[in-house]
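First comes the structure, then the notes that go with it.
The values are calculated or read from the model by the stated rules, or taken from the named source; none is laboratory data. Worth saying up front: this structure is predicted, and the values here are computed from it rather than measured. Neighbour counts run over all protein chains shown; Cβ positions are idealised from the backbone, glycine included. In case anyone asks, the SASA skips ligands and DNA or RNA and just uses the protein heavy atoms, side chains included. Shrake-Rupley method; radii C 1.70, N 1.55, O 1.52, S 1.80 Å.
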Amino acid sequence: MRIELLLGDITDLDVDCIVNAARPSLMGGGGVDGAIHKKAGNELAEFCKSLGGCKVGEAKLSSGFNLKSKNIIHTVGPRYLFKKQKEEDDLASCYYQSLLIAKERKFYTLVFPNISTGAYGYPKDLASKIAFNTTSKFLLENDFPRKVIFCCFDTENMELYLEIFKSQLL
Ligand code: ADP
């Protein structure tokens, strides 16, 4: 099984790469973005200045600085505003573009938070399906990353992912 589930804090994980649900400025913010910047240290924001921001659906790589994770992929999720196809495409693109970087860098393990499901208001059930479908398709077609972990921070997300996992076993 190349997809795993975890309930916990993504900033604690000792892996090749974690994904940050970042703001377009890449200068940090609230939620998981704030937690990552706090623990990675000021050097992260210093480095991010050189990246020139990030558009919705795109992804950019940095080192993990003071985190245990060696690398961080910063991706900007869509705000759930107009309930349009574009928002779905943008969220899928966050997962796809992050997976593509992990493939190019031959990262063994990549860990995603539940992008857009906090301050950006994306419905958790829809977001979990997009995350799972985009990732499972990518893993079928590519050897790297070897493993993807969905790191949930709240039990509601964890239960939604568990439901998807169960339905895949039938
Ligand atoms: P967004 O703006 O993309 O919605 P948020 O950070 O507000 O970003 O929320 C995205 C998800 O990250 C939410 O499901 C939230 O519960 C989760 N989250 C917040 N802090 C952490 C953390 N330290 N580790 C893992 N997930 C977290």
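Collect the residues in the stretch 27-41 that are open to solvent by 60 Å² or more (accessible area, probe 1.4 Å) and part of a helix (DSSP H, G or I), keeping them in residue-number order.
Hits for the stretch 27-41 are Gly31, Lys38, Lys39.
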query = Can you name the residue in the stretch 124-162 that is away from the ligand (no atom under 16 Å from the Cβ) and outside any helix (DSSP H, G or I) and is also least open to solvent (accessible area, probe 1.4 Å) among such residues?
reply = Pro145
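Looking at the stretch 4-28, which of its residues are among the small types (Gly, Ala, Ser), near the ligand (Cβ under 9 Å from one of its atoms) and free of Cβ contacts under 8 Å to residues at least 60 places away in the same chain? Talk me through it step by step, then tell me what you get.
Going through the stretch 4-28, the residues among the small types (Gly, Ala, Ser) turn out to be 8, 21-22, 25, 28.
Narrowing further to those that are near the ligand (Cβ under 9 Å from one of its atoms): 8, 21-22.
Correct list: Ala22 only.
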task = Give the number of residues within the stretch 110-123 that are surrounded by fewer than 17 Cβ atoms within 10 Å (Cβ to Cβ) and touching a Gly at 6+ places or on another chain (Cβ under 9 Å).
result = 1
query = Which members of the stretch 94-109 meet the condition of being within 16 Å of Val76 (Cβ to Cβ), buried (at least 24 other Cβ atoms within 10 Å of the Cβ) and either hydrophobic (A, V, I, L, M, F, W, C) or touching a His at 6+ places or on another chain (Cβ under 8 Å) (or both)?
reply = Cys94, Leu99
Which numbered condition Pro24 misses (of (1) more than 15 Å from Ile101 (Cβ to Cβ); (2) surrounded by 14 or more Cβ atoms within 10 Å (Cβ to Cβ); (3) not hydroxyl-bearing (Ser, Thr, Tyr)) = (2)
request  = Report, by residue number, each residue of the stretch 97-112 that is of a type outside the set (D, E, K, R) and within 19 Å of Met1 (Cα to Cα).
outcome  = Leu99, Ala102, Phe107, Tyr108, Thr109, Leu110, Val111, Phe112
task = Give just the number: which of (1) without any contact (Cβ under 8 Å) to a residue 60 or more places away in the chain; (2) closer than 20 Å to Ala35 by Cα; (3) open to solvent by 80 Å² or more (accessible area, probe 1.4 Å); (4) out of contact with any helix residue (DSSP H, G or I) (no Cβ under 7 Å at 6 or more places or on another chain) does Cys54 not satisfy?
result = (3)
ask   = Can you tell me which residues in the stretch 42-74 are in a strand (DSSP E or B) and within 11 Å of Ile18 (Cα to Cα)?
value = Leu61, Ser62, Ser63, Asn71, Ile72, Ile73, His74
query = Of the residues Ala131, Ala127, which is free of Cβ contacts under 8 Å to residues at least 60 places away in the same chain, under 21 Å from Val15 (Cβ atoms) and among the aliphatic types (A, V, I, L, M)?
reply = Ala131
note = Filter the stretch 8-21 for residues that are of a type in the set (A, V, I, L, M, F, W, C) and more than 13 Å from the chain's Cα centre (by Cα); the one that is surrounded by the most Cβ atoms within 10 Å (Cβ to Cβ) is Val15
remark   = Scanning the stretch 72-93 residue by residue, those surrounded by 20 or more Cβ atoms within 10 Å (Cβ to Cβ) and not small (Gly, Ala, Ser) turn out to be Ile72, Ile73, His74, Thr75, Val76, Pro78, Glu87, Asp90, Leu91
